[in-house]
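Chemist: Structure incoming, see below.
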Amino acid sequence: MISRFLLSNMDRRGYVFLALVAAIGLLVPLANLLVPAGSPFHVSTATMSLWGKYLCYALLALSLDLVWGYCGILSLGHGAFFALGGYAMGMYLMRQIGSRGVYGNPVLPDFMVFLNWQELPWYWWGFSSFPFAMLMVLAVPGLLAFVFGWFAFRSRVTGVYLSIITQALTYALLLAFFRNDMGFGGNNGLTDFKDILGFSVQAQTTRAALFAMTCVMLASGFLIARGIVSSKLGKVVIAIRDAESRTRFLGYRVDRFKLFVFTVSACMAGVAGALYVPQVGIINPGEFAPANSIETVIWVAVGGRGTLVGAALGAVVVNWAKTMFTSGFMAPYWLFALGVLFVFVTLFMPKGILGTAQGWWEKRRKPAALPAAEPAPAE
Amino acid sequence: MSLAIRLIRMLAVIVALLAAPAVAFAQTAEEAFARFNADSFSDTARAVDILVQSAHPNAGVIIEALADGRLLAGGGAVGAKTKDGGFLDARTGQALSAEPGGVSAVRLNNNVRRAIQAALGSLGLINPDPAKRVAAAEAVFRARDVSALPVLEAAIANESNDRARRALREAQAAILIVKTDAPPFDRIAAVDVLRERGDQDALATLRALPGDASPALKEVQARAISEIEGKLALWQAGQNLWYGLSLGSVLLLAAIGLAITFGVMGVINMAHGEMVMLGAYTTFVVQELIRTNAPYLFDWSLAFALPAAFIVAGAVGIAIERGVIRFLYGRPLETLLATWGISLILQQAVRTAFGPTNREVGAPSFMSGAFELGGLAITWNRLWIIVFAALVFVALLAILKLTPMGLQMRAVTQNRRMAAAMGIRTGRIDALTFGLGSGVAGLAGVALSQIDNVSPNLGQSYIIDSFMVVVFGGVGNLWGTLISAMTLGVANKLLEPYAGAVLGKIALLVFIILFIQKRPRGLFALKGRAVEA
Amino acid sequence: MNAPVPGALTSSLLYLDGVSVSFDGFKAIRGLSLTIAPGEMRAIIGPNGAGKTTMMDIITGKTRPDEGTVMFGGSVDLTRLDEAAIANLGIGRKFQKPTVFDFHTIEDNILLALKSQRTVLKTLFWQTASAQQKRIDDILGIVKLADKRERLAGSLSHGQKQWLEIGMLLAQDPKLLLVDEPAAGMTDGETAQTAVLLKEIARDHSVIVVEHDMGFIRELGVKVTVLHEGSVLAEGPLDQVSANERVVEVYLGR
């Protein structure tokens, strides 16, 4: 049943995307590990980690597209779920340091020793176990999304209001995680990781494995999202996006459907964050910044909302462009470019790269079959 | 007070000071001069004390000279070198033609310096200037130096100025509190004096009561302490309320422009904070121009900055509306994204033009400093910002309710197509409304430049708070915005002492998130079918 | 004035008594009482602002009445339920302005409306059984959209959307249908066809039709309730009602 759920209704675009992710996930680590450094086909570890980061962002964008593109929930707080997943992973990595920290305390992470803490706070218990930490990667963002969504959707907070309170949510978490006495390393966050599952996080092979894992998770995330949106539930969710009240009059409990999609999406964002942390080597409260969440929205918008593949594509393209920009003489102008991108996409390319390309493609193939009146999405 | 009474008092004091113990004073002063000759630190310190208690007419001059190292002693003679290089006899105060023979400067150590400090304090008690006497009494109050008591008592008897007398009595009380051998009745009275004073210092002094005090005294002390603490807590609450109102007015200023663009037009302007920032930078530019061209106008710089900021921010707002937002009406989420992009562009533009660091915006003289009102410390800039926020609020209400433009704005808000059919140029009204909201944000920037860092990130720090205020107050309702801003401001400041600044803010954010669940349209929402449509 | 007869509660499908609601001081519905028997088809007319749509909002749970009783099937208090629960009880609604899911195909619109369990998990792992597919095909046939089933609903004309919505109502298979101005914006031919369709539906469903078009109501040939300023002005066959002096007065504004 599961495989049918995942693969039924898979279209050609989906297969292309899966094949692409699989190829990258296989070839890049190989090109890094097996191809000698001098060869033009060699991929440096730094490049691989950079692209690993992009792919984490792609998974985050995918999760956002699920709620925004299909359910019409513009979350301006998805960065919070990403960061929480990241912190869960970071806590595991901190506990793996053991007595190799600067202060050599076998139990307490360095920053706790520095703050004169005597014992590990209860919410750090269990994080030395990898399975537990992975469970938390899903559970913490999922639970937050569930509780937040349960309140918000039940009382029918929609549209801009919902966007603003999701932003308030991530802002509140930003402030909270900056506090030293929260027990998450305050301003500096969690860093100086050593091992993951007994392998050094710095090692080339670990990096390659993490990269491959990111591709696996991106593909899985895509399959799950794709399965959801092409099921009847997906149709309900789109119906909610376009005419929420009408859906309710058909007897669907709109709040529960939204809650389901929102929670699944938050878990996906958490996984993205968890993969991000070991590849980047740090997690700090900056990840909660509202600006980060809004940037995620623009990745989705650039790629094409409501297309899944487009969202992932948008994340990679925008972040690649960001790296290009900020590493050269154009660095000071990146914000100009990003700002213009926001304005340009919303004004001239509301369907994003993929949606626009798809429109051209369909127009050329069967111009007669186009709907007479282009329906406008309800917000 | 009549001159006669004053004269009689003065006479009484003179009689008291001079008549009977005059000889004794003369003798003790003589002892002091002897000790100055002893060339020992402890003798010198003692000499200072004795000299003060003797009320020798030259005591002030002598001790001042000693403090400066100009006091000369030797062979029984004591002289002082004056500041202009002359010499005088310490005993008589008469000028000498030349330096007396066989004298050398009296040496100082820390112990002596301390004695000098205490002495100068005591001597201040008989300074002719009442303000100086009050200051000296305050110094004695803090020092609680038992040896100052006789001088203090003499000064109290001598004092004719009410304020100075109270200060002296308080100083006396402070000493009595620590003077265990004082008459018990006097000490209880002293507690009462301190209770009346009722500030933090009085509290500290009362707490300094030695542990071996009598039970009666201790009970009086405990009662006085709890009374003062109660009073201080009340003032503290008042102070927090004031801070809250001040924060509330800042929030109101930042949010009220948003209440127009978001509340009246339904446009989510994420670049609103940048309009505030532009206002602040306009203030900076205006001040720079005034500094270089007409420095004498500096106190008026804000008066020039206000219209300038309104025009700059308003014009940028109109440009944004005409250039971007009008293509996105009815698509609030897209508007949100596009205006976020604009905010990035504006931030970067300002960063490129003015640099990433904070810019210095000066305060005109009428906005600097503070004054005290009862137990409240009130800074002028906060006070003016509250006044300014109130003015802006009233002006906006008036524009919306009383002017033809306001009428048209409301018409367009309620029924755009109908308004258009009635001949209102809705596009123009949209632009003007947006310009007004942005211009008001610019005005807010002028005010905020007085209390916040003027940097390219200025706007970012206000945007979320502003949205919270508007959403909490209920969209489309200026009064709601006012009440919301004040409520959030006061709640924030009242929470701060218990939860700390950050936790308090988090608590408020969580509260608003929960509140929106309960009342999705804010405190003062419109009801009915029209809203649902 | 229109006090329901004793025993009406238990024998009725829908029972409204003394219902009032106000928006910001304006009383949209005042003391409305109405009873619909099982299998009955009822037409409701009234000038603008008479409270027709608000009445439907109250029955379907969109608006909570300030006071009054709204009972369904003799025992279920509708004022305590939300829209989804009421829809699942078997009350379907067609809106005045046709509201279909523009980005779904016509077939998917019917599928979404099709009577089924509406839980999250059931919809996530939904498989359309052949009986259900046949029902969808039947309905598409009835509303004459079978040949357009793959088209997006957003591309339909106004009249077609009205029919699609009626098809969705059919797919819901409710006990009671609330139909708000089904003939609005239709040609005369379409209006006549709609009337035939509704009459057919009324054979095994209770229906409440709100309509302005007198010709349409005459064609339906059912009992008529006239609303005015939020309460019932007159009730009875169309001829009798249209002879009522007060009704004439209200409609002609004398």
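The values are calculated or read from the model by the stated rules, or taken from the named source; none is laboratory data. Being a predicted model, the structure only gives us computed values, none of them experimental. Cβ: placed from backbone, ideal geometry, glycine included. Neighbour counts: every protein chain shown.
Chemist: Is it fair to say A:Arg253 is within 9 Å of chain C (Cβ to nearest Cβ), under 28 Å from A:Trp150 (Cα atoms) and without any contact (Cβ under 8 Å) to a residue 60 or more places away in the chain?
Modeler: Considered against the rule, which asks whether it is within 9 Å of chain C (Cβ to nearest Cβ), under 28 Å from A:Trp150 (Cα atoms) and without any contact (Cβ under 8 Å) to a residue 60 or more places away in the chain, A:Arg253 comes out as yes.
Chemist: Next up: Condition first: outside any loop (DSSP other than H, G, I, E, B) and more than 10 Å from chain B (Cβ to nearest Cβ). Can you find one or more residues in region A:327-338 that meet it?
Modeler: yes
Chemist: Exactly one condition in (1) touching an Asp or Glu at 6+ places or on another chain (Cβ under 8 Å); (2) surrounded by fewer than 17 Cβ atoms within 10 Å (Cβ to Cβ) is not met by A:Leu308; state its number.
Modeler: Against the list (1) touching an Asp or Glu at 6+ places or on another chain (Cβ under 8 Å); (2) surrounded by fewer than 17 Cβ atoms within 10 Å (Cβ to Cβ), A:Leu308 comes up short only on (2).
Chemist: Looking at B:Val286, B:Val276, B:Val267, B:Val220 in this structure, which one is of a type in the set (A, V, I, L, M, F, W, C) and not assigned by TED's automatic domain parsing to the domain that holds B:Val454?
Modeler: Result: B:Val220 is the single residue among B:Val286, B:Val276, B:Val267, B:Val220 that is of a type in the set (A, V, I, L, M, F, W, C) and not assigned by TED's automatic domain parsing to the domain that holds B:Val454.
Chemist: If a residue has to be more than 24 Å from B:Pro307 (Cα to Cα) and crowded, with 24+ Cβ neighbours inside 10 Å to count, how many in region B:436-464 make the cut?
Modeler: 0
Chemist: Limited to region B:341-362, what total is found for residues that are β-branched (Val, Ile, Thr), surrounded by 19 or more Cβ atoms within 10 Å (Cβ to Cβ) and within 7 Å of chain A (Cβ to nearest Cβ)?
Modeler: The total comes to 2.
Chemist: Would you mind listing the helices (runs of 4 or more DSSP H) fully within region B:410-505 where at least 1 residues are closer than 20 Å to B:Glu321 by Cα and in the same structural domain as B:Leu251 (by TED's automatic domain parsing)?
Modeler: Per the criteria, B:416-421, B:426-448, B:460-473.
Chemist: Here's something else I'd like to know. If you take the residues of region B:180-205 that are charged (D, E, K, R) and buried (at least 17 other Cβ atoms within 10 Å of the Cβ), which of them is farthest from B:Glu227 (Cα to Cα)?
Modeler: Once the filter is applied, the top-ranked residue is B:Arg187.
Chemist: Out of the residues in region B:275-320 that are among the hydroxyl-bearing types (Ser, Thr, Tyr) and in contact (Cβ under 8 Å) with a residue 40 or more places away in the chain, state the one that is surrounded by the most Cβ atoms within 10 Å (Cβ to Cβ).
Modeler: B:Thr283
Chemist: Next up: Which residues, counting only those in region B:64-79, are outside any strand (DSSP E or B) and surrounded by fewer than 23 Cβ atoms within 10 Å (Cβ to Cβ)?
Modeler: Scanning region B:64-79 gives B:Glu64, B:Ala67, B:Asp68, B:Gly69, B:Arg70, B:Gly75, B:Gly76.
Chemist: Please pick out the residue among B:Ala389, B:Ala370, B:Ala338 that is surrounded by fewer than 18 Cβ atoms within 10 Å (Cβ to Cβ) and of a type outside the set (S, T, N, Q).
Modeler: Only one candidate passes the filter, namely B:Ala370.
Chemist: How do the helices (runs of 4 or more DSSP H) wholly within region B:136-215 filter down when requiring 2 or more residues that are over 31 Å from the mean Cα position of the chain (by Cα) and free of Cβ contacts under 8 Å to residues at least 24 places away in the same chain: which remain?
Modeler: Of the helices (runs of 4 or more DSSP H) lying wholly inside region B:136-215, those with at least 2 residues that are over 31 Å from the mean Cα position of the chain (by Cα) and free of Cβ contacts under 8 Å to residues at least 24 places away in the same chain span B:149-158, B:184-197.
Chemist: Moving on. Applying the selection to region A:339-363, what residues are among the aromatic types (Phe, Trp, Tyr) and away from every other protein chain (no Cβ under 14 Å)?
Modeler: Matches in region A:339-363: A:Trp360, A:Trp361.
Chemist: Among helices (runs of 4 or more DSSP H) lying entirely in region C:101-158, which contain 3 or more residues that are under 19 Å from C:Gln193 (Cβ atoms)?
Modeler: Counting at least 3 such residues, we get C:130-142.
Chemist: Please verify whether B:Gly473 is over 20 Å from B:Leu448 (Cβ atoms) and either touching a residue at least 24 places away in the same chain (Cβ under 8 Å) or small (Gly, Ala, Ser) (or both), treating the condition exactly as stated.
Modeler: no
Chemist: Within the group B:Val267, B:Val250, B:Val220, which residue is touching a helix residue (DSSP H, G or I) at 6+ places or on another chain (Cβ under 8 Å) and buried (at least 24 other Cβ atoms within 10 Å of the Cβ)?
Modeler: None of the other options fit; the residue is B:Val267.
Chemist: Go through (1) closer than 18 Å to B:Ser455 by Cα; (2) without any contact (Cβ under 8 Å) to a residue 40 or more places away in the chain; (3) within 14 Å of chain A (Cβ to nearest Cβ) one by one and return the number of the condition B:His272 breaks.
Modeler: That leaves (2) as the condition not met.
Chemist: Does A:Gly286 fit the bill of being surrounded by fewer than 20 Cβ atoms within 10 Å (Cβ to Cβ), more than 14 Å from chain C (Cβ to nearest Cβ), in contact with a helix residue (DSSP H, G or I) (Cβ under 8 Å, 6 or more places away or on another chain) and part of a helix (DSSP H, G or I)?
Modeler: Considered against the rule, which asks whether it is surrounded by fewer than 20 Cβ atoms within 10 Å (Cβ to Cβ), more than 14 Å from chain C (Cβ to nearest Cβ), in contact with a helix residue (DSSP H, G or I) (Cβ under 8 Å, 6 or more places away or on another chain) and part of a helix (DSSP H, G or I), A:Gly286 comes out as yes.
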